1. What is the ratio of the Cα radius of gyration of region 14-99 to 2.2 N^0.38 Å, where N is its residue count, to two decimals?
2. Return one number: the angle in degrees, 0 to 90 and rounded to the nearest 10, between the long axis of the Cα atoms of helix 41-51 and the longest principal axis of the Cα atoms of the chain.
3. Based on alpha-carbon centroids, what's the gap between region 127-178 and region 201-273 in Å, whole number please?
4. Taking the beta-carbon count within 10 Å as an exposure proxy, list 34, 326, 103 from fewest neighbours to most.
5. Please compute the Cα-Cα pair-distance distribution of region 40-160 with 5 Å bins starting at 0, giving whole percents from short to long.
6. What number results when the radius of gyration of region 280-350, computed over Cα atoms, is divided by 2.2 N^0.38 Å?
7. Angle check, please: helix 276-285 long axis (alpha carbons) against the longest principal axis of the chain (alpha carbons), in degrees 0 to 90, nearest 10.
8. Average the reciprocal distances over every distinct pair of alpha-carbons in region 76-115, invert the result, and give the Kirkwood radius in Å.
């Protein structure tokens with residue numbers, strides 16, 4: 001028997017046919033990890049907390065920016081500049097004080113992924129980059145964890161459920177059965193480059209939360225071995241069936257040791273990257289053009305040097321380069337590699353154009369180490 005507050009809070013779902021107290025208890029006992037507290041993660045977090053998932057983990061190393069607020073409606077203007085996980089936990093506790101929130105204000109890596117994911121029953125991936133998607137997928141396969149997947153691009157999105165054990169003991173398809181290997185870092189633009197309408201991640205994120213609730217409670221039919229594609233512009237859904245591919249299993253590390261050694265960042269030619277230490281040397285020597293391809297207002301704002309701001313969306317319009325030595329940077333090094341590809345193609349071999357490895361976040365981390 002539930003306490004009075006539990007009945008009142010969850011009354012509308014408790015009275016559903018085939019739901020009742022048994023399904024609600026499974027929600028209360030569940031431990032769900034949401035990776036990324038951005039456009040997809042925000043609606044996932046809100047609906048899981050509202051439904052009564054007992055323990056919710058949130059991992060994200062980003063801070064709230066003004067440009068987030070049109071789609072990440074869990075936050076408000078007072079949160080700008082603050083860690084997303086801290087703000088998310090605060091707002092979720094106000095929504096449902098009965099839910100336990102665990103925050104990880106850090107980036108998910110191969111070094112911490114297995115340890116963190118091990119503590120949860122189900123994983124929901126709301127990340128926005130291929131590096132994290134492949135890392136999470138492989139970790140879930142190794143740990144036998146079900147994975148809820150969602151992605152958005154401009155006006156389209158998709159949802160699927162990976163790595164679920166069938167009644168016959170067979171594992172369902174995983175992300176590598178759809179995309180065996182990650183694309184080159186400059187081929188697929190993310191939301192920061194291509195844009196996204198705020199309501200789209202809300203739609204996809206809500207469907208991700210629905211699949212998580214279905215898996216936890218055992219109701220309905222999951223999107224297993226199926227990918228649901230959604231088009232905002234025409235309000236249409238298209239479903240694609242798929243099956244596990246034995247050959248893709250060989251792409252996943254066989255054990256923890258192999259997982260820890262695997263490099264999940266997109267492969268980039270060494271000649272097209274400059275390390276944070278090399279970047280410092282170039283800054284000190286002068287005669288270098290530094291281009292920031294982040295969108296205006298993206299934190300952290302810089303005072304140590306003044307780069308030329310050319311958002312990724314306008315990089316094709318750059319008519320000239322003022323120096324022969326050029327370093328392009330973004331937040332984490334992915335957008336800048338795309339910019340290097342485009343600028344190199346445009347200006348041929350006249351200039352030496354490289355990307356700051358790891359982005360401005362890696363450079364700032366190095367500055368902290370130097371100053372300790």
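None of the figures in this text is laboratory data; all of them are computed from the coordinates on show. Given the structure is predicted, the values throughout are model-derived calculations rather than measurements. Heads up, the Cβs are rebuilt from the backbone with ideal geometry, glycines too, and the neighbour counts pull from every protein chain shown.
1. Relative to the rule-of-thumb radius for its length, region 14-99 sits at 1.17.
2. Roughly 20 degrees, rounded to the nearest 10.
3. Using only Cα atoms, the two centres lie 3 Å from each other.
4. Ranking 34, 326, 103 by Cβ neighbours within 10 Å, fewest first, gives 103, 326, 34.
5. Values per bin, smallest distances first: 2, 10, 21, 24, 22, 16, 6, 1, 0.
6. Expressed relative to 2.2 N^0.38 Å, the Cα Rg reads 1.07.
7. Helix 276-285 and the main axis of the chain meet at about 30 degrees.
8. Across region 76-115, the inverse of the average 1/r is 11.7 Å.
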